[in-house]
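A.B. asks: Handing you a structure now.
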Amino acid sequence: MLESIDTNNYYPFGLNHIGGSNYSNFGSFYNYKYNGKELQETGFYDYGARMYMSDLGRWGVIDPLAEVNRAWSPYRYAYNNPLRFIDPDGRLEDWYKDNQTGNIAWHDGSAERKGETNLTQKAEGKPIAVIEKDSSGNITNTNMLNSDGSITRNEETITNGYSVTTVADRTITSRQPWEMIVNADGGEPGQGGNPGFRFPDYYTANVSIAIPNPLTASFVGWNGTLTIDRNFTVYASPIGVSVGKSASLFSGSLTANWVNQLKTPTGSQLNNFLSGHGYSIGGGEVVGGGVSYSPGNGTATSLGLYTPQFGASYNYTPNKFIFNK
């Protein structure tokens, strides 16, 4: 007979619920609990670099690189939002350089990442600058990698997962605001670490006005979409055409959408996917789904609410109809 000998129910910051289960055995010899960390006799969790106090949601000592990020308390845990971020070892969030491609990206947590160099640790708390020069050796751009995950490029601030491309064709990607999971072994969600859940990459509202075709009983008509991505950038596409079948002259849908790739797409990747030409096919009755295709950028899966319909559509999103980019 199976028996539950240890049950743990946590508040977001890691404090155990009192009396969560009749089978709860708080203080048992199973000491690896919240986030898989060892619970000490003091009530602190051992994260390696620092001890964590789950009752306060604070670290017991300051971050050794606290001077790099003066905008936040050196005792704060997961940016005071453990539903959105985790901190795998209690150290500062860092910039990383891919040793093979030379691309640079910011990631929550400072665990070692396979095949990457931790630029923040290498700089030992000093500002990180990526200088670009032309063939004559003249400086063309200066990219400052900030401790909050943003990039300052020639006095312009880039954030929300957007990237810049250097003259050497290397990308520098800022912090993604919805980066959900960082694994202690440096793996990305779904790649070498624990499988990662992620919220939809973007949401779309679609409206179609049909022109009936009596020969085929199908509809051909105007199609328009309004899309907002995970970084709150809005894309409007008033230029579109659809073909298919629907229960009325007016049809529409509200969908949540995921780009079909393991890693969470950056802001620049979403911008490339959602702007320009786009094709989709799908339908449903109350609930349905479909697939979208962006030439050169891949596909995405859609799930949501539909008026009774099934068909395919084409849309074009001009740059002038992209807001808050």
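Here, each number is a calculation from the coordinates, and none is a lab measurement. Computed from a prediction, not measured in an experiment: that's the story for all the values here.
A.B. asks: At 0.36 nm per residue, and after removing the present C-alpha to C-alpha distance, how many nm does the segment from residue 30 to residue 72 gain when stretched out fully?
C.D. replies: Residue separation times 0.36 nm, minus the Cα-Cα distance, leaves 11.7 nm.
A.B. asks: Which shape class, rounded, prolate or oblate, goes with segment 94-173 when its Cα gyration tensor gives a ≥ b ≥ c as root eigenvalues, a/c under 1.5 marks rounded, and past that a/b bigger than b/c marks prolate?
C.D. replies: Prolate.
A.B. asks: Related question: Would you grab the residues whose amide H sits under 5 Å from the one on residue 160? Only those 5+ places off in sequence or on another chain, please, with H modelled 1.01 Å from N.
C.D. replies: Here 175 satisfy the definition.
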